[in-house]
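J.: Take a look at this one; I'll ask things after.
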Amino acid sequence: MSENHDPIRLLAVRDTPLSLDEVYEAVGDDAAGGTTVFVGTVRDHDGGKSVAALEYSCHPTAEQEMRRIAEKVVADFPVKALAAVHRIGRLEITDKAVIVAVSCAHRGEAFAAARRLIDDLKHEVPIWKHQVFSDGEEEWVGAGSC
């Protein structure tokens with residue numbers, strides 16, 4: 001399917017809607033027997049409060065940090081292909097905020113690598129969430145708490 005030998009196929013921070021198909025297709029590989037995809041969406045509540053919308057912003061180094069994390073995942077797991085995209089800007093309920101995908105020879109490896117990828121992205125990439133609650137209150141949340 002893919003002749004690209006760099007396992008890091010797609011990394012991006014975007015202010016436009018994310019495509020599940022684009023991310024899934026980016027990790028296609030003839031040697032992959034398992035692909036794990038995670039989609040993080042905007043939910044209508046947080047901490048017992050109703051969320052109206054939220055806005056993500058990021059530091060200019062966000063994509064560099066994503067690459068650093070992706071390289072570590074590739075070094076620690078037998079990854080055939082990896083992709084991650086995160087949205088910034090104003091998002092509405094059910095919008096896709098982040099999509100990661102990892103393909104490996106076996107499903108267990110794909111699950112473990114994808115879990116590490118999303119967990120490390122959420123904890124280490126400088127992306128911040130500004131939540132707007134239905135009652136008019138607002139809250140900023142750091143990357144480690146999203």
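J.: Is it fair to say V125 is modelled with pLDDT under 95 and either of a type in the set (V, I, T) or farther than 16 Å from T41 by Cα (or both)?
T.: No.
J.: Quick one: which residue in T41, T35, T94 is of a type outside the set (A, V, I, L, M), open to solvent by 40 Å² or more (accessible area, probe 1.4 Å) and under 15 Å from I8 (Cα atoms)?
T.: T35
J.: Give region 69-91 a look and list any residue that's surrounded by 24 or more Cβ atoms within 10 Å (Cβ to Cβ) and more than 27 Å from K129 (Cβ to Cβ), or say none.
T.: V79, K80, A81
J.: Residue check: is S50 closer than 22 Å to R14 by Cβ and among the hydroxyl-bearing types (S, T, Y)?
T.: no
J.: Which residue out of E55, E63 is closer than 19 Å to D6 by Cβ, acidic (D, E) and at pLDDT 95 or above?
T.: E63
J.: Now for a separate question. Can you pull out every residue in region 44-66 that is open to solvent by 60 Å² or more (accessible area, probe 1.4 Å) and within 16 Å of R87 (Cα to Cα)?
T.: If the condition is that a residue be open to solvent by 60 Å² or more (accessible area, probe 1.4 Å) and within 16 Å of R87 (Cα to Cα), then E55, H59, P60, E63, Q64 are the ones that fit.
The values are calculated or read from the model by the stated rules, or taken from the named source; none is laboratory data. Small disclaimer: the values here were computed from a predicted structure and weren't measured. Cβ sites come from the backbone with ideal geometry, for glycine too, and all protein chains shown count toward neighbours. Each accessible area value is taken on the protein alone, full model and side chains, heavy atoms only, with ligands, DNA and RNA left out. Shrake-Rupley method; radii C 1.70, N 1.55, O 1.52, S 1.80 Å.
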